[in-house]
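Since every read-out is calculated from the coordinates, none of them should be taken as a lab result. Just so we're clear, the structure is a prediction, and the values are computed from it rather than from any experiment. All Cβ positions, even for glycine, are placed from backbone atoms using ideal geometry, and neighbour counts span all protein chains on display.
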Amino acid sequence: MRYVALLLLIVVFLASVSRSFYRTLGSAGLIPDDYRYGDLYRFSNLAAFRSDREGQCTAVPVRKAKAALYAVGDSFMEPGYVNAGDIAADYYSYTHWNDHRTVALDSSVRNVLLIESVERHFREHLAKPVENLQVVQGAVSDQAETKPSAWTDFEQFLTGPAEIRKDFPEERLDNMLFNWDFFLRIREWKAQLNLDLFGRSHPMTSLSPDEQHIFLKLDTDPKVINSNFNELTDEEVGTLVRRLNESADHYKKAGFDEVILSIIPNKTTIAAPAMGRYNRLIERIQQHPDLRLTIVDSYGWLKSAGPKAYQPGDSHWTCESRAKWLTQLNGVLLR
């Protein structure tokens, strides 16, 4: 029994300091998925927003175009949420905004670059021209930056910044030990008590005035550039458009045939635009007369769909909204 307890302690310690080992345990179902009820529920623990997260959506049947799609995007396009089978192209490659990739283009097919960003991070991503892809001649191993191993994770734990040595391990430990449904019920009781008695929710979240919808605080705080309600001048809009055009020109010179832009609205933009003065970022970028990128717009139909287009306890949209967006994107690839 002592050896079993020692082994369990070692496993818990390794998982707390190693992201790759932690994810391995999660994939095997040995620890709970802390996002299973949505990222906003994960922060708030408010029972009203507890619902199974729509993470693995049904594949969208598509015919394939003689094309290659290279996407630079965020969590709306992460593997498992959008896969090669959903894309109407013979070849599909995804690179997260935090990563860089070296690619060699096949000149016998139509090469398309997709720049996708959720609204809250668009201004940050376009603080400079997009440079996540390096196009080279000849065959390359089309891989993103090397995935960390348990050993490299441990080295970072010993020598890395404070968030790697303290914050991340603490978060993983909390999930492994206290994110089971039994403990979540206790957290829900505490969260509801704080809301009822003090009008407070988790500092990473905010509620609509009628408390029917929950959002990331980043979306609603007018003091930060991520917010729908942060001031956006015409001058900055012009600068963002110039950087988009510079990015498109660069990649077209490198061999891409077309560059697509898609800005995904914040949940607040659709579910509670009256919580502040909306800066209309998406419309002002997409309708700018100088913009030279192809647009895959989701703002228009999401605005008509309303709050139901997004998951109750998550900042991401539903599988139905995802499917509609993919249909639009694939329409561009197939034309």
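List the residues, sorted by chain then number, that are 5 or more residues from Y94 or on another chain and whose placed amide H is less than 5 Å from its amide H.
A71
With a 10 Å cut-off between alpha carbons and a GNM built on the chain, which of L173, L302, L244 moves the most?
Result: L173 has the largest fluctuation of those listed.
Checking a compactness column here: for the range 177-331, what do you get for Rg(Cα) / (2.2 N^0.38 Å), N being the number of residues? Present the calculation step by step, with values, prior to reporting the outcome.
Numbers: Rg = 18.9 Å, N = 155, 2.2 N^0.38 = 15.0 Å.
The value comes to 1.27.
For L261, enumerate residues with amide H under 5 Å from its amide H, sequence gap 5+ or separate chain, H modeled in the peptide plane.
Those lying under 5 Å, H to H, from L261 are I115, T294, I295, V296.
Arranged from highest to lowest average of other beta-carbon atoms within 10 Å per residue, in what order do the peptides 318-327, 49-58 appear?
Numbers: 318-327: 18.0, 49-58: 15.5.
Averaged packing, sorted descending, gives the order 318-327, 49-58.
Cross-link candidates for K324: which lysines have Cα within less than 16 Å, leaving aside residues fewer than 8 places away along the same chain?
Within the straight-line limit of under 16 Å, K324 reaches these lysines: K303, K308.
Please list, ordered by chain and number, the residues whose modelled amide H lies under 5 Å from the amide H of R110; skip anything fewer than 5 residues away on the same chain.
So R110 has HN proximity to A67, A68.
Going by alpha carbons, how many degrees (0 to 90, nearest 10) lie between the helix axis of 234-253 and the longest principal axis of the chain?
With rounding to tens, the tilt is 70 degrees.
How high is the relative contact order of the chain, in percent, counting Cα pairs under 8 Å that sit 6 or more residues apart? Could you put the intermediate results ahead of the total?
On the way: 517 pairs, mean separation 77.8, N = 335.
Computed value for the chain: 23 percent relative contact order.
Taking the Cα centre as origin and putting +1 on Lys and Arg beta-carbons and -1 on Asp and Glu beta-carbons, what dipole magnitude results for the chain, to the nearest 20 debye?
Details: 39 positive and 44 negative charges, 71 e Å.
Roughly 340 debye, rounded to the nearest 20.
Considering the options L25, L126, L9, tell which one lies farthest towards the positive end of the dipole of the chain, charges being +1 on Lys and Arg and -1 on Asp and Glu at the Cβ, about the Cα centre.
Value computed over the given set: L25.
If you plug each phi of the range 216-229 into the Karplus form 6.51 cos²θ - 1.76 cosθ + 1.60 with θ = phi - 60°, what whole-Hz ³J(HN,Hα) values come out, in order, with x for Gly and Pro?
6, 4, 4, 6, 10, 7, x, 7, 10, 6, 6, 6, 4, 10
Please give me the summed charge of the neighbours of H316: other residues whose Cβ is under 11 Å from its Cβ, Lys and Arg +1, Asp and Glu -1.
Numbers: positive: R53, K267, R322; negative: D39, E54, D74, E78, D314.
It works out to a net charge of -2.
Using Cα centres only, tell me the gap between the range 219-255 and the range 267-328 in whole Å.
Each part reduced to its Cα centre gives a spacing of 16 Å.
Can you find, among Q56, W301, A71, the residue sitting farthest towards the positive end of the charge dipole of the chain, where Lys and Arg contribute +1 and Asp and Glu -1 at Cβ?
Q56
Mind checking the angle between helix 2-17 and the chain's longest principal axis? C-alpha axes, 0 to 90 degrees, to the nearest 10.
30
So what J values fall out for the range 28-43 if you push phi through Karplus, 6.51 cos²θ - 1.76 cosθ + 1.60 with θ = phi - 60°, rounded to Hz, Gly and Pro as x?
Using θ = phi - 60°, the values come out as 7, x, 8, 10, x, 7, 6, 9, 5, 10, x, 5, 6, 5, 4, 6 Hz.
How big is D for the range 287-335, in µm² s⁻¹ as a whole number, if Stokes-Einstein is applied with the Kirkwood radius of its Cα pairs at 20 °C and 1.002 mPa s? Write down the numbers at each step before the final one.
Numbers: Rh = 12.2 Å.
In µm²/s, the coefficient is 175.
Which ³J(HN,Hα) values, rounded to whole Hz and listed in residue order, are derived for the range 182-196 from phi using the Karplus coefficients 6.51, -1.76 and 1.60 in 6.51 cos²θ - 1.76 cosθ + 1.60 with θ = phi - 60°, glycine and proline given as x?
Those phi angles translate into 4, 6, 5, 4, 5, 5, 4, 4, 5, 5, 5, 5, 4, 5, 5 Hz.
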